[in-house]
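Quick note: the coordinates plus some simple rules give every number you see, no bench work behind them. Source: prediction; values computed, not measured. With ideal geometry, Cβ positions are generated from the backbone for all residues, glycine too; neighbour counts draw on all protein chains shown.
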């Protein structure tokens, strides 16, 4: 994971108003091998251009998710002072997001076109900023996969998108659980976290949604637009992200936390 430095600053509300993303799905070796033929069989001509657009956007977002979790684990000072179960959540989420990325790569047939990412100032240094960004991304991943539920061309793909979205929902809730467990020396306990909608929300209860939020995204272009400041240096600068640092996506072979949670087939 490489990083170059200088400096920058931004208003957190500016960031939250301008950024979001889309992503998530669990797959082991069997699932990865089986998925591409299943996608190809979804229609006699294979996945539609719309299907591929959604999967491609999700693949980029998963690379961003892996990079985010990796740097929280490796660089964020608050991580090492979390309880073991909180650390376990973050480590497991990293494995799951990498598994999602590889699943989607079997469909696109190529790596993410973006392997370098940018973040707001104080990311991975200030705990509140880090958790705000993490919840913002998970909010947006949920909404992006709901675009897949709405727009994928087959029932199998729509159900798969819903299964992926459920994992991202787990991640959002658990990120909110972590907030109240942050040590005092790291600014904790953190009582409120601001997600993609730009409103500080109490972390009590952490599972505060009766229904997942769609953000009124009806097509994948909305997710792509929201993702852009994280992956394009010019867009990052316009969004007041810290363009003096970049973080590289480093793929790895994931191991999901529980074999029964793997992607075995469309049937589950």
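Ranked highest first by average number of other Cβ atoms within 10 Å, how do 84-95, 113-124 line up? Don't jump to the answer; show the numbers that get you there.
Working: 84-95: 17.2, 113-124: 20.2.
Peptide ranking by packing, descending: 113-124, 84-95.
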Under 15 Å from the residue 211 label point (7 Å along Cα→beta-carbon), backbone N, the range 141-168 = 143, 146-147, 150
Spin-label model distance (nm) - residue 52 vs residue 75, 7 Å beyond Cα toward Cβ = 3.4
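Test of understanding: what is the full-extension gain from residue 244 to residue 218, defined as 0.36 nm times their sequence separation minus their Cα-Cα distance?
Working it through step by step, the gained length comes to 6.0 nm.
By the gyration tensor of its Cα atoms, with a ≥ b ≥ c the square roots of the eigenvalues, what is the shape of the range 12-260: rounded for a/c under 1.5, prolate for a/b over b/c, or oblate?
Details: a/c = 1.63, a/b = 1.49, b/c = 1.10.
Prolate.
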